[in-house]
Amino acid sequence: MHLKDEQIQKLLDGELTPSEENKISVHLQSCARCRQHFEGQKEQQTVLQQAFDYLEPDPSRVLPGSQKTLSRLRIKREETKMKKIKISKPLVTVFVLSISLAVSLAFPSVRAYASQLLGLFRVDQISVHPLDTFKLGSIEENPTLIEAAGQLLAESVDILEGSPDEIFQVNSIQEAEAISGYALRLPGGEWAPEVIEVQSGLHFTFQVDLTEVQEIVDLGEIKDLQIPAELEGVKVDVTLPAIVSTSYGECWNVGDPDDGSKWKVGGECLILSESPSPQVSTSQDVDASKLVEIGLRLMGVSEEEASSFSLLSDWKTTLVLPIPRGELDVEEIKVDGTQGYWLVHQGWAEEGENELQTLVWVKDGLIYSLMFNSDLEKALELAASLQ
Amino acid sequence: MPNFFSASQGWDPIEFEKIVKTRWERILHILCRVCESPDDAEDLALEVFWRLWENPPPNFENLDGWLYRVATNLAYNQLRSQARRRRYEQQAGKINLVESAVVLPEKESERLQEARKVRQVLEKMKPAQARLLILRYSGLSYREISMALNLNPNSIGKLLARAQKSFCKKYLDGEDHAFER
């Protein structure tokens, strides 16, 4: 039995317990192959240490203290004092699910995760289904899993086009169309966007490695989740088109590397996002419903609900949105001349204010999401004016 | 929720400034390694603490982890943005003019060249691996890294070993790293 890379790494980094260290040291004395392995890894570490030493700030230069930054922070605080309603991460997560695109969470975790959740399709229609065991908070409570999934999957992802995490604010619709590569539908009449933001599209491939996926499952401590053997080696090709967002009213895009695109709301605010459908294809036929089930289990949904949810669609052309029962109210609604859904997030508004809401619909190959805290009528009016 | 922050009233400014003062040096140190100038690092450090003021984490038990994560993400974005700028400048023929105008001692010039090479390698790596190395070689322990990146501490050793291997391969393979992606 020979030492693994991680054991040697921990030994080099002093991260072993005394008994573990003793055990490994004894083994090294008697195993030439492991000694060679150890020396090789130690040499790599030396290369890295020397490389990072070059990044040390010039020792002759005095680094700035915190006082200047504290002064700048005080000035910024004064300048931005205003009433705000935060569009917080859980709602943004719903937003992401609503249009099936990663606008808020760091690549590659959500990109890879989204492609698994979406299965293999292009979206022609959307429907919803409430779940008891799906909690928006569970996403935040289990960031370890999402981040770990990203870390491990990232090593097998090849980006062919585009760049993850790139969000641009642009000055005109023409610029947005040039970057996104498709014609936009925008509100007509007196609706003029305050902010126009483009999140770049992405085209990437990855190959499923069951060992890695199993590690993610183990990290999530999810019991009784078996990954089908037929997924081993499957190559997945994912195209996520660019997302264009336009804001109306009192909204400000503040951005946040941790949360992706992030908006602050001063008064009435409406944020319209649109994008063509993502497209996913694989090197061989896979059971898309199984991928959906795995994705939900990774997010803490029970085995029973994940299984029945995954069977609601063939996942070829219909996206079914999981809705956390009790946290979101949902109704079918006619919007932009087609059938869509009106989601009301409970508990976000203060007394006398409207709740934060989202309209979701698909029309002519574009997926739309309109997040707002105004009256519903205003949001429907904006959607009806799209041209 | 701690008594220096409440959902209804926000931060206690005095407590907030205490947090800035006690974490400042470590955050700046991480950013200085990635940024080409201490001024850029200082600007990014301001951004880290501004985000703390505006959008504090839901869980203050892992405040340091949150700060490291925000700093690393900003640092990585800065890395990519520096690389893009250099590519554009080189294409515009500017870079040679700037470099030839400044005469540095040989040792300092060599150090800058190597530092640039290291940053270019980091920029070409998988983002998750680059962030991991930045934190590790900024002196964070496995536990601190796991808190910053929301990873299982037991997986850090394996992930680090892989990231180091990937870095060495790119760093030592003799390619011209300057303007490749």
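Checking A:THR144, A:THR205, A:THR211 one by one, the residue that is more than 24 Å from A:ALA383 (Cα to Cα) and either at pLDDT 80 or above or in a strand (DSSP E or B) (or both) is A:THR205 and no other.
Within region B:89-104, is there a residue that is assigned to a helix (DSSP H, G or I) and modelled with pLDDT of 70 or more? Within region B:89-104 (the criterion being assigned to a helix (DSSP H, G or I) and modelled with pLDDT of 70 or more), the answer is no, since none of the residues qualifies. Contact map, region A:42-58: first residue among the small types (Gly, Ala, Ser), second residue assigned to a loop (DSSP other than H, G, I, E, B), Cβ cut-off under 9 Å, separation 6 or more or different chains; pairs are A:ALA51/B:TYR137. In region A:159-175, the count of residues that are at pLDDT below 60 and either out of contact with any strand residue (DSSP E or B) (no Cβ under 9 Å at 6 or more places or on another chain) or more than 14 Å from every other protein chain (Cβ to nearest Cβ) (or both) is zero.
Any residue that is within 10 Å of another protein chain (Cβ to nearest Cβ), in contact with a Cys (Cβ under 7 Å, 6 or more places away or on another chain) and buried (at least 19 other Cβ atoms within 10 Å of the Cβ) - is there at least one of those in region B:17-35? No. Residue pairs whose Cβ atoms lie under 8 Å apart, separated by 6 or more positions or on different chains, with the first residue in region B:111-135 and farther than 23 Å from B:ASN150 by Cα and the second at pLDDT below 90 and of a type in the set (Gly, Ala, Ser), are B:ARG119/B:ALA83; B:GLN120/B:ALA83; B:GLN120/B:ALA178.
Matching residues to (1) in a loop (DSSP other than H, G, I, E, B); (2) within 9 Å of another protein chain (Cβ to nearest Cβ):
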site	(1), (2)
A:GLU6	no, yes
A:GLU21	no, no
A:SER25	no, no
A:ARG35	no, no
A:GLY40	no, no
A:THR46	no, no
A:LEU55	yes, yes
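Inspection of region B:75-84 identifies at least one residue that is closer than 20 Å to A:SER66 by Cα and either in contact with a Leu (Cβ under 6 Å, 6 or more places away or on another chain) or not basic (Lys, Arg) (or both).
The values are calculated or read from the model by the stated rules, or taken from the named source; none is laboratory data. Keep in mind the model is a prediction, meaning the values are calculated, not measured. FYI the Cβ positions are ideal-geometry reconstructions off the backbone, even for glycines, and counts take in every protein chain you see.
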